[in-house]
1. Going through the range 262-299 one residue at a time, which ones are without any contact (Cβ under 8 Å) to a residue 24 or more places away in the chain and not in a loop (DSSP other than H, G, I, E, B)?
2. May I ask you to verify whether residue 19 is in contact with a helix residue (DSSP H, G or I) (Cβ under 6 Å, 6 or more places away or on another chain) and surrounded by 15 or more Cβ atoms within 10 Å (Cβ to Cβ)?
3. Taking only the range 301-337 into account, find how many residues are within 22 Å of the chain's Cα centre (by Cα) and either buried (at least 18 other Cβ atoms within 10 Å of the Cβ) or of a type in the set (Ser, Thr, Tyr) (or both).
4. Any residue in the range 142-168 that is under 30 Å from residue 273 (Cα atoms) and touching a residue at least 60 places away in the same chain (Cβ under 8 Å) sitting within a Cβ distance under 8 Å of a residue that is away from the ligand (no atom under 16 Å from the Cβ) and among the β-branched types (Val, Ile, Thr)? List the pairs, counting only those 6 or more apart or interchain.
5. What's the total number of residues in the range 282-312 that are hydrophobic (A, V, I, L, M, F, W, C) and under 19 Å from residue 371 (Cβ atoms)?
6. What's the number of the condition residue 159 fails, among (1) of a type outside the set (A, V, I, L, M); (2) over 12 Å from the mean Cα position of the chain (by Cα); (3) within 18 Å of residue 102 (Cβ to Cβ)?
7. Suppose the filter is outside the structural domain of residue 272 (by TED's automatic domain parsing), within 30 Å of residue 274 (Cβ to Cβ) and at pLDDT below 95; does residue 14 pass it?
8. Among the residues of the range 219-233 satisfying the criterion of being more than 16 Å from the ligand (Cβ to nearest atom) and aliphatic (A, V, I, L, M), which is farthest from residue 95 (Cα to Cα)?
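The values are calculated or read from the model by the stated rules, or taken from the named source; none is laboratory data. None of the values given here were measured: they were computed from a predicted structure. Here the Cβ positions follow ideal geometry from the backbone for every residue, glycine too, while neighbour counts run over all protein chains shown.
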Amino acid sequence: MSESVDRPDPCSSTKAVHGGETKGHWGHTLTVPIAQTATYVFEDMTAVGEFAAGTNPQLDYGRYGNPTQTIAEKKLAEIEGAEAAILFSTGMAAVTTTLLAMLRSGQHTVVMDDCYRKTEQFCRMVLQKFDVETTFVTAGDFDALESAIQENTRVIVSESPTNPHLNVLDLERTVAVAKAHRLKVIIDSTFATPLNQRPLEFGVDVVIHSATKYLGGHNDLMAGAVLGAEPLVSAIKDYRGILGGVIDPHCAYLLIRGLKTFPLRMSRQNETALKIATYLEEQDRVRRVYYPGLPSHPQHKIAIVQMRGFGGVVSFDLDADLEGTVRFIDALRIPCIGASLGGVESIVSHPSSISYYELSREDRIAAGIDDELVRYSVGVEDADDLIADLHQALKAI
Ligand SMILES: Cc1ncc(COP(=O)(O)O)c(C=O)c1O
């Protein structure tokens, strides 16, 4: 067991079950009712006038809020220990809305590489169109970070751990650099989740999650979350109202349901992933394992300090060519082959064919996406079954 798993749990199951909810829902239901509505009505014209004056707190239209969504947001804020949370239709809506809210034409952002490919594309293709330049630097290269910062830099963006190589960013050091230059720091904490890492405690300004992954946890919903201090989150919320990437009420309900078991699932996924990573590291047909919980991981010491558990994704390079890697993946019997992660079902991904297939082989390799790289998202199946399955599949290489 790792040193960091023994710390007190700030993200308790009690918060996950009861957080954000008040007893006595409409109709005395135990579960949170789904307010499936696009619009809200006013009692009379006096109520309309009071709404306009800001003295009637009711909602007017679904793009600006929803009672089911509000409960999901409050629950998530409690779990993350954040002052405020807002939900989006997808993780990408959370990323893009936040960046559009925090940057304007003529400004500059520094983004750590090895990030989700669509985030990178958003910076390269969309922000650039609006004259916001991005410099990509290697996550953890602080000299490169310092030299990338310009007069007009406003924001540092990174994932931690990163996707798919699971590099861990030193949050304390990143925040220190940002403070020295009066910059904001955004951390996409999707791979860590609030059970394992709480970037706000390190002084990070904004935390983003693709709630599609561990927070929803069942591979059945798409959602994104932005968390942080109230004034900043509220400013991003105004942009959500304009850009329109709001979560729908039924999805907010599914997220509430998923969050109730999130700490249970995540603890199990942390444990199983560590077992799998340890097992894989001992296998001849595995050249390298990327998992922050392993002492061999280059940022293991940082991970121990800033993470409670190391997440449910294990990436590894097989000692094989493309054909051998394909044989291995096809031989796996338990995980599904797919692009996502974080749910109760294990999913195996071949980044080179699934997320990076639009790139030429040379560009993929330049981006560190080798043919023999496999990303394994551990579900909640029995660890021994998953390991036995990996064992037989390695023989197929
Ligand atoms: C780290 C990370 N951030 C953001 C996203 C985007 O989330 P979504 O697919 O919910 O839009 C993903 C999706 O895989 C991701 O892995």
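1. Going through the range 262-299, the residues without any contact (Cβ under 8 Å) to a residue 24 or more places away in the chain turn out to be 278, 281-282, 294-296.
Within the range 262-299, 278, 281 meet the criteria.
2. So residue 19 passes the test.
3. Matching residues across the range 301-337 total 15.
4. Correct list of pairs: 168/302.
5. The initial filter retains those residues of the range 282-312 that are hydrophobic (A, V, I, L, M, F, W, C), namely 286, 289, 294, 302-305, 307, 310.
If we keep only those that are under 19 Å from residue 371 (Cβ atoms) as well, we get 286, 289.
Qualifying residue count, the range 282-312: 2.
6. The one condition residue 159 does not meet is (2).
7. yes
8. That would be 229.
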